[in-house]
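A.B. asks: The structure is given below, and queries will be raised subsequently.
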Amino acid sequence: MAERVRLAIVGCGGMGRRHLTGFTELARTDFRNADLVAVCDLNRQNAEDLAEEALEHLGTRPQVFTDAAQMVREVELDGADCPTDTGSHHTAATLLLDLGLHTMCEKPLAITIRGCNAIIEAAARSGKILSVAENFRRDPINRLMKALIDDGAIGDPQFILEAGIGGRDSMIITPWRHQKMTGTITLDAGVHNADILQYYFGDAESAFGQTRLYEKTRYKRSTAGPGGFYEKWGKDFPDSFAATGEDAIFGMINFANGAHAHWIDHHAGHGLPFQHRTVYGTRGSLVSPGDRNGRPVRLILDDGTDIMDQRILDYAPSYRLSPVAARLFGGDRPWTYHYDFPVTDRKILALEYHEFAECIRTGAQPEVNGAVARRDVALVYALFESQVAGRPVTIEEVETSAVDGYQREIDEKLGLIATT
Ligand SMILES: NC(=O)c1ccc[n+]([C@@H]2O[C@H](COP(=O)([O-])OP(=O)(O)OC[C@H]3O[C@@H](n4cnc5c(N)ncnc54)[C@H](O)[C@@H]3O)[C@@H](O)[C@H]2O)c1
């Protein structure tokens, strides 16, 4: 296979723009292993705008399409990156795989488990790689947290307290993130936390959840979105709108390793914003600084150790970034880093592109494949399904759709299941 694979970006909204900065970041290194040759969006203006940004940053203008099938007929391509909105993944990513393209889909893999299955089945049908762009675990600080846990820094894992509270009644990035039928915020953002929990502790086994829709009207206050990438669409969003998707989930989770977690993902919290992630073990605890901020991890042990500097590396002998990550983050064992959010963001997105292109070149499987990503969606929905069922549920029940009381309405509306 050629040194560089030929890729398209399909979905040129806010995340498509951010992905382009990741692509550009990779292209500036010796590790470049892909060319961006096409962009595609149902909204032609979004695709044209991204092509212009690509011209500015990469020096070449990808061809513009509004129809993926036509794109595949007219451009030689190896794969596609699919950052379309969450409610469209099950059709957009499935189409790309069926068109014969290796596909990297944004998280969450799909809006329901049956949606995930449709994409996973398309990958199996086509024999093409399915990678899911889950970025939080690629943050070097999360790699360090994982190594600290696996290397026994805190003894045997016992418990994670994971909490994010804030948001009040403000629109979060886009209106679609507040609707059940398009991928509500507790799925759209919560799937990152679900991935981190299972990345740290392995597969979850069962969960008891409570979900709420607290704010039934959301108000447009800021339209910048993460990194300011969404500002240009802000004027198109209504000043206020009705919300139909749950905006808070509260969960108690059991893991196969015997450990436990309490998880709060509350996007309607008023007053004091709160972000917290602490991992407890039989000898001590690790306080995570959160994701993509580069702040140090704090290690507190029963023997009086209390550190949050480079000595923490002594407790994580297995911690070592990949060569490309080491190049982007200035070393193979960083314990902290200092970049503004857009810079950190694009470095991590560069890592996603690099891995995806390497998988295409070598046939290797991506770290977050369809099975891993579906498990993350299942953990989020376990809390929703538990609320509807009025009891704890197993992740297996959710993943096999044996319990689907919450998702069924979405599946029926989207044609993923016959209407009853
Ligand atoms: N990993 C992260 O940190 C992160 C952050 C933000 C968004 N995301 C994910 O990225 C995805 C996109 O989010 P966004 O905020 O950019 O949404 P968005 O609404 O800004 O953009 C979505 C774009 O996809 C286009 N589109 C929809 N269906 C399509 C199709 N079938 N073919 C081609 N184009 C299509 C739309 O026209 C729009 O331009 C979501 O799944 C979201 O969860 C991830």
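A.B. asks: Can you put Asp81, Asp188 in order of Cβ neighbours within 10 angstrom, beginning with the fewest?
C.D. replies: Lowest to highest Cβ neighbour count: Asp188, Asp81.
A.B. asks: Within the chain, which whole H helices from DSSP have a Cα span along their axis of at least 24 Å and a mean Kyte-Doolittle hydropathy of -1.0 or more, if any?
C.D. replies: Counting only whole DSSP H runs, the qualifying helices are 341-362, 370-389.
A.B. asks: Going 7 Å from the Cα of Glu367 along its beta-carbon direction, which residues of region 173-198 have the amide nitrogen within less than 14 Å of the resulting point?
C.D. replies: Hits in region 173-198 for Glu367 at 14 Å: 195-198.
A.B. asks: Could you give the length gained on full extension between Lys232 and Arg298, defined as 0.36 nm per residue of separation minus the Cα-Cα distance, in nm?
C.D. replies: 19.9 nm
A.B. asks: Given the DSSP H assignment, sum -39500 (n - 2.57) over each helix run of at least 4 residues in the chain and divide by its residue total; what's the result at 222 nm in deg cm²/dmol, nearest 500?
C.D. replies: -11000 deg cm²/dmol
A.B. asks: Please compute the length gained on full extension between His276 and Val388, using 0.36 nm multiplied by the number of residues separating them and subtracting their Cα-Cα distance.
C.D. replies: Gain in length upon complete extension: 37.6 nm.
A.B. asks: Please state the relative contact order of region 301-420 as a whole percent: Cα pairs under 8 Å, 6+ residues apart?
C.D. replies: 12 percent.
A.B. asks: His338 to Thr66: FRET efficiency via 1/(1 + (r/R0)^6), r the Cβ-Cβ distance, R0 45 Å, to the nearest 0.05?
C.D. replies: 0.65
A.B. asks: How high is the relative contact order of the chain, in percent, counting Cα pairs under 8 Å that sit 6 or more residues apart?
C.D. replies: Relative contact order, the chain: 21 percent.
A.B. asks: Convert each backbone phi in region 311-322 into a coupling constant with the Karplus relation 6.51 cos²θ - 1.76 cosθ + 1.60 (shift: θ = phi - 60°), then list the ³J(HN,Hα) values in order as whole Hz, x for Gly and Pro.
C.D. replies: Values per residue, Gly and Pro as x: 4, 4, 4, 4, 8, 10, x, 7, 6, 7, 6, 5 Hz.
A.B. asks: Next question, about the same structure. In percent, how large is the relative contact order of region 137-337, given Cα pairs closer than 8 Å and 6 or more residues apart?
C.D. replies: 31
A.B. asks: Jot down the radius of gyration and Dmax of the chain, Cα atoms only, both in angstrom.
C.D. replies: 20.8, 65
A.B. asks: For the ranges 40-51, 66-77, 351-362, what's the packing order if you count other beta-carbon atoms within 10 Å of each residue, average per peptide, and put the highest first?
C.D. replies: Result, highest mean Cβ count within 10 Å first: 351-362, 40-51, 66-77.
A.B. asks: Whose amide H sits under 5 Å from the amide H of Ala243, counting only residues 5 or more places off or on another chain, with H placed in the peptide plane?
C.D. replies: Thr217, Arg218
A.B. asks: Where does the Debye-calculated log10 I(q)/I(0) of region 137-337 sit at q = 0.13, 0.16, 0.17 Å⁻¹, using only Cα point scatterers of equal weight, no solvent?
C.D. replies: Values returned for q = 0.13, 0.16, 0.17 Å⁻¹ are -0.79, -1.06, -1.13.
A.B. asks: Could you please rank Lys216, Lys146, Lys347, placing first whichever residue has the fewest other Cβ atoms within 10 Å of its Cβ?
C.D. replies: Final ranking by Cβ density, sparse to dense: Lys216, Lys146, Lys347.
A.B. asks: Oh, and also: Among Phe341, Phe23, Phe229, Phe201, which comes first, then next, by fewest other beta-carbon atoms within 10 Å?
C.D. replies: Ranked by crowding around the Cβ, least crowded first: Phe341, Phe229, Phe201, Phe23.
A.B. asks: Still on this structure, I have one more. List the lysines whose Cα sits under 22 Å from the Cα of Lys235, skipping any in the same chain fewer than 8 residues away.
C.D. replies: Here the lysines satisfying the reach criterion relative to Lys235 are Lys216, Lys220.
A.B. asks: So for region 137-337, taking the charge dipole from beta-carbon charges (+1 Lys/Arg, -1 Asp/Glu), which of Ile196, Pro273, Met252 sits furthest toward the positive end?
C.D. replies: Pro273
A.B. asks: Counting DSSP beta bridges with both partners in the chain, what percentage is antiparallel, nearest 5?
C.D. replies: Close to 55 percent.
A.B. asks: Give the separation of the Cα centroids, region 155-191 to region 196-272, in Å.
C.D. replies: A separation of 1 Å, based on Cα centres.
Quick note: the coordinates plus some simple rules give every number you see, no bench work behind them. Everything numeric here is computed off the predicted structure, so don't read it as measured data. In this analysis, Cβ positions are derived from the backbone assuming ideal geometry, glycine residues included, and neighbour counts consider all displayed protein chains.
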